[in-house]
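Engineer: Sending over a structure as structure tokens; questions will come in a sec.
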Amino acid sequence: MTSTVTRHGPAGQQAEPEPEPTGEPRAGRSGFAWLVKLPGAAVEGLRRSAATTPGRLTLISAGLAVLALLVGVVATAELGGRKSTIDGLVDHREPLAAAAQEVYRSLSDADATAASTLLNTGNEEGALQERYDVDIARAGAALAKAAGDSAGNPEAVTQVDVLSRQLPVYTGLVETARTNNRQGNPIGAAYLAEASELMRSEILPAAHSLYQIDADRLVEEQDDAASVPWATALLSLGLLGALIATQIYLKRRTNRVFNVGLAVATAAVGLAVLWTAVAVTVQSVLVSSGESDGSEQADVLVRARIVALQARADETLTLLARGSGTAHEEEYRKLISELSGSDGESGLLGKAKEGTEGLPSAEHVDAAIRSASAWSEVHTQVRNLDNGGRYEEAVDLAIETKEDRGATAAFTRLDDDLAKGITESRKVFLDDTTNASATLTLLAPGFGVLALVAMFGTILGIRERLREYR
């Protein structure tokens, strides 16, 4: 039941009952309403301020100061990140691509050397055995380095796993082939053929995929480093335009042409924009040059070197097969065509010659073309001897290292020429990319300082105009 409290009035009159409390606090209701009305009140306050010249100047000052601070923060972060990306190309990404390339090269050379070891039973056998062991050791060390960066890439993890599992199987087959060969068992050649097939069908494709993954990452980061810093560019130009528009507005309102604070702010932003434009343009050109004249040419030469090594393995495996190596000879011809074309000056070597014209590696590419031609001529002589029933002479010519006439000597010159070309191309990449990083030195912090100068210049410049209204 509800009850009312009766208030007694004058005699003869019934008092009116007091109203019951509603149970809803007045303070709570008014506080909630105040929160609801707050955005509208703020907008109304800004509208009223904008209706007066001092209010408009205050809003302009605050807006320009915030924009200058925003530009400084964004530019410092974006330009600083850009320099870190370029430094990462030199310190991290390119060395990892080189490590993956070393895995690929060392394994290809190991396969070619293993075949040569079985052919050579003379004094050179120990040197070839040592070269094979060094190749396997280098491949293992380079694989460990490349694997350290594969955690974030499932495809790279898969290729590393294939290499880690199959490489011991390959070395075991090669060792079995050697043991049988030392004992005079013809089955040694069969074990070596099985090992080479494993290398060609599983190990080298995995090594190539791993190398391609790292090479693609390198290209991707180079493209990022050469791109336009759009956020910095748009915000900076927006701030510069706003400062110029503000000075035009003040000139019309106050009939004063010059405002020291705003002039300093405009000069600071203009200097920052000019500095950034020049530095980023030069840096982008250098990064692009390092890519086109350096890493791209190194990639072509790496592929040429791998093809040459695989062709060398086929050349020796053809002899080991003793009359049944037609498939290896066909593969050799296919690889040589890929290396230097049917005319001896096209293929990968022709592409490298075209790309390195005027570069330090050009002379090594020219030498490689001559060496490849000489090797091809010797190979023809080897095949003529073998097909003519003069097997021992064919083997001697194929494994000869002390005279220029041998296939081994010609191939070694080709491999050395390609290695020197790769080294020169990597040097071009490193020099250009390092210089690109140097152009951004102090740009990020310098831009931040100039943005602060612009912010304070804006505040002080407009404050001088506000004082005139007091």
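Engineer: If you check Arg217, Arg178, which single one turns out to be modelled with pLDDT under 95, assigned to a helix (DSSP H, G or I), charged (D, E, K, R) and closer than 30 Å to His328 by Cα?
Structural biologist: Going through Arg217, Arg178 in turn, just one is modelled with pLDDT under 95, assigned to a helix (DSSP H, G or I), charged (D, E, K, R) and closer than 30 Å to His328 by Cα: Arg178.
Engineer: Given the structure, is Arg426 closer than 23 Å to Val307 by Cβ, modelled with pLDDT of 90 or more and buried (at least 19 other Cβ atoms within 10 Å of the Cβ)?
Structural biologist: Yes, satisfied.
Engineer: May I pose another question? Somewhere in segment 442-457, is a residue more than 39 Å from the chain's Cα centre (by Cα), part of a helix (DSSP H, G or I) and surrounded by 19 or more Cβ atoms within 10 Å (Cβ to Cβ)?
Structural biologist: yes
Engineer: Residue by residue through segment 45-80, note down the ones that are more than 50 Å from the chain's Cα centre (by Cα), at pLDDT below 55 and part of a helix (DSSP H, G or I).
Structural biologist: Within segment 45-80, Gly45, Ser49, Ala50 meet the criteria.
Engineer: Could you list, in sequence order, the residues of segment 169-191 that are surrounded by fewer than 17 Cβ atoms within 10 Å (Cβ to Cβ) and under 17 Å from Leu319 (Cα atoms)?
Structural biologist: Gly184, Asn185, Pro186, Ile187, Ala190
Engineer: So in segment 113-142, with the set limited to residues that are among the aliphatic types (A, V, I, L, M) and under 23 Å from Gly184 (Cβ atoms), which one is modelled with the highest pLDDT?
Structural biologist: It comes out as Ala114.
Engineer: What do you reckon, is Thr380 surrounded by fewer than 19 Cβ atoms within 10 Å (Cβ to Cβ), among the hydroxyl-bearing types (Ser, Thr, Tyr) and over 19 Å from Leu192 (Cβ atoms)?
Structural biologist: Considered against the rule, which asks whether it is surrounded by fewer than 19 Cβ atoms within 10 Å (Cβ to Cβ), among the hydroxyl-bearing types (Ser, Thr, Tyr) and over 19 Å from Leu192 (Cβ atoms), Thr380 comes out as yes.
Engineer: While we're on this one: So, in segment 151-175, of the ones that are farther than 17 Å from Asp111 by Cβ and either outside any helix (DSSP H, G or I) or over 31 Å from the mean Cα position of the chain (by Cα) (or both), which residue ends up modelled with the lowest pLDDT?
Structural biologist: By that ranking, first place goes to Ala151.
Engineer: How many residues, within segment 345-364, are surrounded by 17 or more Cβ atoms within 10 Å (Cβ to Cβ), within 26 Å of the chain's Cα centre (by Cα) and in a helix (DSSP H, G or I)?
Structural biologist: 7
The values are calculated or read from the model by the stated rules, or taken from the named source; none is laboratory data. Everything numeric here is computed off the predicted structure, so don't read it as measured data. Counting neighbours? That spans all protein chains shown, and the Cβs are built from the backbone with ideal geometry, glycine included.
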